[in-house]
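Everything below concerns the one structure shown next.
The values are calculated or read from the model by the stated rules, or taken from the named source; none is laboratory data. Everything quoted here is computed from the prediction, not taken from an experiment. Cβ atoms come from the backbone with ideal geometry, glycine included; neighbour counts cover every protein chain shown.
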Amino acid sequence: MAKIKVEIDADLQDLIPQFLENRKKDIASLQELIAKQDLTAIAQLAHKIKGAAAGYGFVDLSNMASDMEKAAKNNDGTPLPIIASNMKNHFDNIEIHFVPM
């Protein structure tokens, strides 16, 4: 898969390694919650990812988390494994470019 280029505010450069580590853990947790079909916890964690990703400039990741949150809140577990897989693939292929904003 080709790298996904993401432009991030250079002022956030020191914070990004911890952000990435936290999201990696969150995505692993989502996969566990999906296996358990814990839709309430999935919705809560997806909401957290959505806000954090948007705040740091990871718009696509935020949008995927939003889709996951909506599905979980609608008690629709069907798309969750696909969304989680897409989130992981996206996350694994991010190429960050720090730019002044």
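Close contacts from region 1-30, counting a first residue that is over 17 Å from VAL59 (Cβ atoms) and a second that is of a type in the set (Gly, Ala, Ser) and part of a helix (DSSP H, G or I), with Cβ to Cβ under 6 Å and a gap of 6+ residues or different chains, come to LEU30/ALA84. Listed residues ASN75, ASN63; which is surrounded by fewer than 20 Cβ atoms within 10 Å (Cβ to Cβ), at pLDDT 95 or above, of a type outside the set (Gly, Ala, Ser) and part of a helix (DSSP H, G or I)? It is ASN63. For region 5-40, a tally of residues being under 23 Å from LYS73 (Cα atoms) and part of a loop (DSSP other than H, G, I, E, B) returns 2.
In this entry, ALA2 passes the filter for residues that are under 14 Å from ASP92 (Cβ atoms) and part of a loop (DSSP other than H, G, I, E, B). Return the residues of region 39-56 that are closer than 22 Å to GLN13 by Cα, of a type in the set (Gly, Ala, Ser) and either buried (at least 18 other Cβ atoms within 10 Å of the Cβ) or free of Cβ contacts under 8 Å to residues at least 24 places away in the same chain (or both); say none if nothing qualifies. The answer is GLY51, ALA53, ALA54, GLY55.
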